[in-house]
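A quick write-up on the structure given underneath.
The values are calculated or read from the model by the stated rules, or taken from the named source; none is laboratory data. Since the structure is predicted, the reported quantities are computational estimates derived from the model, not experimental observations. Every residue, glycine as well, gets a Cβ built from its backbone with ideal geometry; the counts of neighbours run over all protein chains shown. Quick note on the areas: whole protein, heavy atoms, side chains included, nothing else; ligands and nucleic acids left out. Shrake-Rupley method; radii C 1.70, N 1.55, O 1.52, S 1.80 Å.
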Amino acid sequence: MLRVPKLLRHRFQREPGNLYASPRRITDVHECGFYHTMEIPGYGLIESLWDLRPGIREYTGNLVFEGKRVLEVGTASGFVCFFMEKEGANVVAFDLSDTFSWDILPIAGLDHDELISDRRIAIRKLNNGYWLAHRAFHSRAKVVYGTTYDIPEAIGPVDISTFCAVLLHLRDPFLALYNGARLTRETILVTEPVPPHADTDSRFMEFIPQTELHDSWWFLTPTVVKSF
């Protein structure tokens, strides 16, 4: 078993109790947030900024999920989770809950306490959106809440782990990927925006702090992710 070097060891307190979160009974879409456009049974089409429906197979690498145990890092409101489950996967969805803080860029002049508070409200709504859809889809996916810097080993081995539009939002994408990789037996799927001005064959990683993008840290090329 791999061990995390001491210099990379960041420990955060996880929620007490069982490893897997208890389902929430959420029925009101107004209590929810949705990261992706979703067609939810009983609720119809719920639109959001990102609509992956036309290209979801390409987005998930045309992987075969039938019979695979999958760790989905950064499930948000669950669109990719429920797609993989429909394709035959046994999914463990992993994400922040509102007891954890998002990695906010430490940009001078921003009210970081307010940003963290606002983001925790948004996270709570995303969690609610997941549970509303989970119930509507009769999903059997399990959920673990925590931080990517401390993914519990108790989740156990998985065949596939997915990091879909996750690494760019993390202060330490290498550590997050490491924590998922140590549980993964076969395949790691990473889906990231391609840097617009970079040679994708290079090991390129650009720090992109911007006031209006205080939750986005990096552009990463496919080559540097493979190197990670």
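Numbers below:
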{"read-out": "In region 35-79, residue most open to solvent (accessible area, probe 1.4 Å) [restricted to those that are under 22 Å from Asp159 (Cβ atoms) and of a type in the set (S, T, N, Q)]", "value": "Asn62"}
{"read-out": "Number of the condition not met by Asp159 [criteria: (1) outside any helix (DSSP H, G or I); (2) touching a His at 6+ places or on another chain (Cβ under 6 Å)]", "value": "(2)"}
{"read-out": "Region 116-142, subset of a type in the set (Ser, Thr, Tyr) and open to solvent by less than 40 Å² (accessible area, probe 1.4 Å), residue farthest from Asn90 (Cα to Cα)", "value": "Tyr130"}
{"read-out": "Region 91-143, residues that are within 22 Å of His36 (Cα to Cα), of a type in the set (A, V, I, L, M) and in a loop (DSSP other than H, G, I, E, B)", "value": "Leu96, Ile104, Ala141"}
{"read-out": "Residue check for Thr223: under 18 Å from the mean Cα position of the chain (by Cα) and not in a loop (DSSP other than H, G, I, E, B)", "value": "no"}
{"read-out": "Ala154 surrounded by fewer than 18 Cβ atoms within 10 Å (Cβ to Cβ), part of a helix (DSSP H, G or I) and in contact with a Leu (Cβ under 8 Å, 6 or more places away or on another chain)", "value": "yes"}
{"read-out": "Which numbered condition Gly180 misses (of (1) open to solvent by 30 Å² or more (accessible area, probe 1.4 Å); (2) outside any strand (DSSP E or B); (3) closer than 28 Å to Phe82 by Cβ; (4) not basic (Lys, Arg))", "value": "(1)"}
{"read-out": "From the options Val158, Val166, residue that is at pLDDT 95 or above and either within 24 Å of Cys32 (Cα to Cα) or of a type in the set (Asp, Glu) (or both)", "value": "Val166"}
{"read-out": "Total residues in region 53-87, condition assigned to a strand (DSSP E or B) and at positive phi", "value": "0"}
{"read-out": "Flag for Glu39 being at pLDDT 95 or above and assigned to a strand (DSSP E or B)", "value": "yes"}
{"read-out": "Residue tally, condition surrounded by fewer than 17 Cβ atoms within 10 Å (Cβ to Cβ) and under 19 Å from the mean Cα position of the chain (by Cα), over region 192-212", "value": "2"}
